[in-house]
Amino acid sequence: MNSGDTAFMIIATAFVFFMTPGLAFFYGGLERRKNVLNTMMSSFFIMGIASVLWVLIGYSLSFSGNNLGIIGDLKWFALNGVDGEVGPYAATIPHLNFAAFQMMFAIITPALITGSVAGRMNFKALFLFVIAWSFVVYYPLAHMVWGTDGFLGAVLGSVDFAGGNVVHISSGVSGLVLSIILGQRRGYDKLSYRIHNVPFVLLGASILWFGWFGFNAGSALAADGLAVHALMTTNTSAAMAMLSWMLIDMIKQGKPTVVGAATGAVLGLVAITPGAGFVPIWAAFIIGAVVSPLAYFTVSVVKKRIGFDDALDAFGCHGIGGIWGGLATGLFAKTSINGVARWDGLVYGDYHLFLAQAVSILITIVIAVVGTVICAYLVKIFVPLRVNEDDEKKGLDITQHGESAYPSFNGLD
């Protein structure tokens, strides 16, 4: 047990927890005025339900035992046996500290999905969907990637330092699938969906950037050189992605936008997540620089041509960013930085890790697609997935929560 490592991990846990309110501001600012409370609540309530599920059963299913490399068992139900002593996943911090740190990932991941379905999903259906999705998609993926005998990590040999597969690809792809199941928002092809609060967007992105240092550096599970390395690659990628998006804005419309800069920064954070503790710092420049044009092309060209309504571009940001980041880890990772990686990346002449990364990403996509379809249609048996047209027109703040973020505002929205 090391008191310095424990103190560091407690702080990192708090950092990651703070990211979910940051996401609420980021998404809330991007939505329309009449839906801001619903959009923010869609992240905020998950801090409650995901915490309860994690303590009761989520942590045990994700990290205890092993069943076919896919899911754990109920050994640590209600955190029974998880205490202040060292556990199996970190040698210098309390087992309970590790469980708390991982809980924050289980909170923010389903919250990311909500950006895809903003403005039209029945809140009761969303509540039930998050519960079902946690069991069907998140807990199995967490075990498969990070469990001691998980199929994607221990067996296949892929690596995911802080959640490229588990957090970003799973949520981004699930958000896309759920948005397609729900259908487009009312008047999607005719109305202008204006961002209602740019300062909220900037505030949310700043909180996310701040919290991401706990997200990635904390995934070293110790206050050591690897944590500092992850912190520096994280910041470098975010900075490069922000500058890359600003350059795109300049080329396309002659001026950099605040929303674009904020979006670019978040993209860089997403893209570096799987490789933060595996790739050299110089690679973070490339990872950050490339992710913005990839995402920009997805949201400005692919999205329009195909016609799916990923409302706040959760797939364009987290899905595309996570996929690129996972592949980039297979390109640039070095075993000398982190021995968890069995092989060096493709740029050093070894193809094994890149192949493992590609296969793990494909498996993650399949799990997310199939799991989301199962959860959505299961929930649909009990409650409608989507609000009716009249409720959507009035806005989800009033119809789903009986409140208004701006009660003195009387204009059209």
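The values are calculated or read from the model by the stated rules, or taken from the named source; none is laboratory data. All values reported here derive from a predicted model rather than from experimental measurement. Quick reminder, even Gly has a Cβ in these numbers, built from the backbone with ideal geometry, and neighbours come from all protein chains shown. Surface accessibility is based on the protein's heavy atoms, side chains included, excluding ligands, DNA and RNA. Shrake-Rupley method; radii C 1.70, N 1.55, O 1.52, S 1.80 Å.
Table for the structure above
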item	result
Estimated vicinal HN-Hα couplings, Hz - region 8-20 in sequence order (Karplus 6.51, -1.76, 1.60; Gly, Pro = x)	4, 6, 5, 5, 4, 4, 5, 4, 5, 4, 5, 5, 5
Accessible-area ranking of V373, V159, largest first, probe 1.4 Å	V373, V159
Rounded to the nearest 10 Å², the accessible area of K393 at probe 1.4 Å	130
Cα→Cβ-extended label distance, 7 Å offset, between N388 and S300, nm	4.1
C-alpha long axis of helix 198-217 to longest principal axis of the chain, angle in °	10
Extreme residue, positive dipole direction of the chain, given options I398, L267, F26 (C-beta unit charges)	I398
Förster radius 25 Å - calculated FRET efficiency between Q184 and V373, Cβ distance, rounded to 0.05	0.85
Under-5 Å amide H pairs with V86, H placed in peptide plane, nonlocal only	H95
J(HN,Hα) series, region 327-332, from Karplus relation 6.51 cos²θ - 1.76 cosθ + 1.60, nearest Hz, glycine and proline x	5, 5, 4, x, 7, 10
V86 accessible area, assembled protein chains, probe 1.4 Å, Å²	70
Reduced Cα scattering model of the chain, Debye log10 I(q)/I(0), q = 0.11 Å⁻¹	-0.76
Whole-number accessible area per residue in Å² for the chain, which is evaluated in the context of all protein chains at 1.4 Å	38
Exposure rank, largest accessible area first [E31, E403; 1.4 Å]	E403, E31
Cβ-placed point charges (K, R +1; D, E -1), dipole of region 252-338 about Cα centre in debye, nearest 20	240
Angle between the chain longest axis and helix 123-133 axis [Cα atoms, degrees, rounded to 10]	20
Linear extension gain, R342 paired with N80, 0.36 nm per residue minus alpha-carbon span	91.0 nm
Estimated distance in nm for a label pair at V366 and Y351, the labels positioned 7 Å out from Cα along Cα-to-Cβ	2.1
Relative contact order computed over region 315-398 (Cα-Cα under 8 Å; 6+ residues apart), in percent	18
Ranking by accessible area, most exposed first, for T39, T335 with a 1.4 Å probe	T335, T39
Relative contact order computed over the chain (Cα-Cα under 8 Å; 6+ residues apart), in percent	23
Extension reserve of the D73-K252 stretch, reckoned as 0.36 nm per residue once the Cα distance is removed	59.2 nm
Spin-label model distance (nm) - D149 vs I11, 7 Å beyond Cα toward Cβ	3.8
For region 366-383, 3J(HN,Hα) per residue [Karplus equation, 6.51 cos²θ - 1.76 cosθ + 1.60, θ = phi - 60°, Hz, x = Gly/Pro]	4, 4, 5, 5, 5, x, 5, 4, 4, 5, 4, 6, 5, 5, 4, 5, 9, 9
For region 198-316, convex hull of alpha carbons as volume per residue, Å³	98
Within region 1-137: Cβ-based charge dipole about Cα centre, in debye rounded to nearest 20 (Lys, Arg +1; Asp, Glu -1)	760
